[in-house]
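Asks: Right, I'll just put the structure down here and ask away after.
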Amino acid sequence: MLQRILWSLVLLLQCQSRDRWTTQLSQHLCQSEDQVISATRTLANSGFHKDLTTNLELDEIPRAFLLENTTSHFYMDIDQIKEGLFLGYPPVFPDDPIDVEQPADSSPAHIVGVLCETHHVTLPVHHRYQPAGSQPYSSVCIPFPRVFIPVVTPEDYPDLELGIEQVEVERGCRLLRAPCGVNSFPECGWEEVAVVGVHEVCSSVPVGLTQDLPIVQISALAAVFIGFSAIVYVMFCRKEKSKAT
């Protein structure tokens with residue numbers, strides 16, 4: 001819990017608010033004029049915990065930056081990914097702190113930046129609990145991310161901000177400002193690239209049945225009553241014991 005609070009404070013201090021990605025995506029972003037890449041994607045494992053694997057055919061392009069829209073049905077546990085960097089998980093940059101406990105019907109969608117330094121990247125994603133329904137399973141989907149490739153990098157532009165501004169003036173559009181490496185800063189300039197052969201990936205998630213709700217509610221109330229009664233009984237016994245001594 002403390003680690004999650006500290007991580008949330010770090011995001012705020014770094015100004016990693018929802019505006020970091022949503023504001024940029026609302027602008028006229030530069031599109032690559034000569035690059036088209038192909039990609040495939042899979043969502044593996046059963047139950048609530050999945051492995052989301054993306055394969056990008058980048059050829060000579062050294063890296064890519066993805067903007068993942070997790071929708072309200074999925075979430076990425078940023079702590080889990082950060083702790084698993086040594087396992088090959090890529091660096092991720094969420095738009096704001098992600099509440100992993102919220103159910104799907106009350107959670108907002110999140111945009112998560114993903115730095116891909118290889119052509120094959122796997123991320124753990126998790127289903128959020130769905131509202132009760134009439135069927136035992138519900139199909140939910142996660143869209144393919146928007147993909148960006150580097151244009152302004154430290155290797156070619158010692159002053160990244162000046163380089164980004166120059167390219168933007170020359171091309172009449174905005175570059176995505178996103179991390180160059182595992183840290184949030186410095187930020188490189190990225191252009192969006194067209195992707196072919198992609199589609200959303202879907203999976204089935206267990207759903208509670210509405211006809212079972214009365215039983216669940218009665219069981220929960222009974223459990224609360226029994227627990228409360230046990231506490232009162234223990235307190236009463238201790239009080240009587242203290243009187244006797």
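The values are calculated or read from the model by the stated rules, or taken from the named source; none is laboratory data. Since the model is a prediction, treat every value here as computed from it, not as a measurement. Note that each Cβ is placed from the backbone with ideal geometry, even for glycine, and that neighbours are counted across all protein chains shown. Protein only, heavy atoms only, side chains kept; ligands, DNA and RNA dropped before computing areas. Shrake-Rupley method; radii C 1.70, N 1.55, O 1.52, S 1.80 Å.
Asks: Kindly express, to the nearest 10 degrees and within the range 0 to 90, the angle between helix 2-13's C-alpha long axis and the longest C-alpha principal axis of the chain.
Replies: Here the helix axis deviates by roughly 40 degrees.
Asks: Ok, one more. Using the Cα gyration tensor of the chain, with a ≥ b ≥ c the square roots of its eigenvalues, what is the shape: rounded (a/c below 1.5), prolate (a/b larger than b/c) or oblate (neither)?
Replies: Prolate shape, in that a/c is at least 1.5 and a/b is the bigger ratio.
Asks: Tell me, what % of the accessible area of the range 138-245 is carbon and sulfur with a 1.4 angstrom probe?
Replies: Within the range 138-245, the accessible surface is 64 percent carbon and sulfur.
Asks: With point charges of +1 on the Cβ of Lys and Arg and -1 on the Cβ of Asp and Glu, referenced to the Cα centre of the chain, which listed residue (GLN102, PHE144, ALA223) lies farthest in the positive direction of the dipole?
Replies: ALA223
Asks: Sticking with this one: Dipole of the range 61-190, Cα-centred, from +1 at each Lys and Arg C-beta and -1 at each Asp and Glu C-beta, to the nearest 20 debye?
Replies: The calculation lands at about 440 debye.
Asks: Moving on. Only helical DSSP H runs with n ≥ 4 go in: add -39500 (n - 2.57) per run for the chain, normalise by residue count and round the 222 nm mean residue ellipticity to 500 deg cm²/dmol.
Replies: Estimated from H runs of four or more residues: -9000 deg cm²/dmol.
Asks: In the range 104-176, which GluC sites (Glu not before Pro) fall in coil by DSSP and have 14 or fewer other Cβ atoms within 10 Å?
Replies: Hits after loop and neighbour filter: GLU117, GLU155.
Asks: Which order do you get for ARG177, ARG128 if you rank them by accessible area with a 1.4 Å probe, largest at the top? Kindly include the intermediate steps, with their values, before the conclusion.
Replies: Numbers: ARG177 40, ARG128 5 Å².
Per-residue accessible area, sorted high to low, gives ARG177, ARG128.
Asks: Continuing with this model, one more query. Residue by residue through the range 165-170, which ³J(HN,Hα) values in whole Hz follow from phi under the Karplus form 6.51 cos²θ - 1.76 cosθ + 1.60 (θ = phi - 60°), with glycine and proline marked x?
Replies: For the range 165-170, the Karplus-derived couplings read 4, 5, 5, 5, 5, 5 Hz, x marking Gly and Pro.
Asks: Still on this structure: Accessible area per residue, 1.4 Å probe, Å², for the range 118-176: what's the number?
Replies: 51
Asks: Still on this model: Between VAL234 and ASP51, what's the calculated FRET efficiency when r is the beta-carbon distance and R0 is 41 Å? Round to 0.05.
Replies: According to the calculation, E is roughly 0.35.
Asks: Using θ = phi - 60° and the Karplus curve 6.51 cos²θ - 1.76 cosθ + 1.60, what whole-Hz ³J(HN,Hα) does each residue of the range 51-67 get, with Gly and Pro shown as x?
Replies: 10, 9, 10, 10, 10, 10, 8, 8, 6, 8, 6, x, 7, 9, 10, 9, 10
Asks: Within a Cβ distance under 14 Å of CYS202, other residues only, what is the Lys/Arg minus Asp/Glu net charge?
Replies: +1
Asks: Nearest 20 debye, what's the magnitude of the dipole of the chain about its Cα centre given +1 on Lys and Arg Cβ and -1 on Asp and Glu Cβ?
Replies: 1840
Asks: How do VAL152, VAL224 stack up against each other in accessible area, from largest to smallest, with a 1.4 angstrom probe?
Replies: Heavy-atom accessible area, descending, gives VAL224, VAL152.
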